[in-house]
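Visitor: Right, I'll just put the structure down here and ask away after.
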Amino acid sequence: MSRQLLSALADPERLKLYASIVRFGDAAEATGGKQGQKHLSRLIGAGLIEPQPDGSFKADAAVFQKALATGTRTEDQDVPQELWPFFAEGRLRSMPMRPAVRHELLAHLVRTLFEAARDYTEPEVNRRFTTVHEDSAMLRRYCVDGGLLRRTKDGTRYQAA
């Protein structure tokens, strides 16, 4: 689900306001002050509600259907479908337990993050891996151990295998 959508519903007062609009289409009691107007603006900005010509508001469930539809895919459409469960919003969220699936995921990362004939320093490798996961050392180690990245004997240079 989109970060903006979840963020809009994370505030308890805004959530109550949204619930009132869903149930009654009315937000009059909550919109009297500056804070109420701010909450309304946030809900409108997230696409959760739409102002109606008569001054009421309409909540549309389609925003959740759309978020779910896009949430089942990663933002990087090059990620193979069988690896989607391990990614969220373009970031690697978990490592597969099964060695074959883990190897497939790491091979995908090496293919997409590194050029085959180029040498990389360890800081360059770390920067590339941190674009998808905070633990670059783990990814680097798995890739070297799995034969996906070659490391020089002195450990200063890496190359995609």
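The values are calculated or read from the model by the stated rules, or taken from the named source; none is laboratory data. Everything numeric in this text was worked out from a predicted model, so none of it was measured. All Cβ positions, even for glycine, are placed from backbone atoms using ideal geometry, and neighbour counts span all protein chains on display. Only protein heavy atoms, including side chains, enter the accessible area calculation; ligands, DNA and RNA are left aside. Shrake-Rupley method; radii C 1.70, N 1.55, O 1.52, S 1.80 Å.
Visitor: Taking the condition touching a strand residue (DSSP E or B) at 6+ places or on another chain (Cβ under 8 Å) and in a helix (DSSP H, G or I), does residue 109 pass?
Guide: Answer is yes for this residue.
Visitor: Also, I was wondering about something else. Being loosely packed, with under 12 Cβ neighbours inside 10 Å and either closer than 26 Å to residue 6 by Cα or in contact (Cβ under 8 Å) with a residue 12 or more places away in the chain (or both), is that true of even one residue in the stretch 99-107?
Guide: No; the residues of the stretch 99-107 include none that is loosely packed, with under 12 Cβ neighbours inside 10 Å and either closer than 26 Å to residue 6 by Cα or in contact (Cβ under 8 Å) with a residue 12 or more places away in the chain (or both).
Visitor: While we're on this one: Kindly evaluate residue 50 against the criterion of being surrounded by 11 or more Cβ atoms within 10 Å (Cβ to Cβ), at pLDDT 80 or above and in a helix (DSSP H, G or I).
Guide: So residue 50 fails the test.
Visitor: What residue, among those in the stretch 53-65 that are more than 16 Å from residue 17 (Cβ to Cβ) and assigned to a loop (DSSP other than H, G, I, E, B), is most open to solvent (accessible area, probe 1.4 Å)?
Guide: Once the filter is applied, the top-ranked residue is 53.
Visitor: Something else now. If the requirement is being assigned to a loop (DSSP other than H, G, I, E, B), open to solvent by 20 Å² or more (accessible area, probe 1.4 Å) and among the small types (Gly, Ala, Ser), which of these qualifies: 117, 137?
Guide: 117
Visitor: Name the one entry in 144, 132 that is crowded, with 16+ Cβ neighbours inside 10 Å and part of a helix (DSSP H, G or I).
Guide: Answer to the selection: 144.
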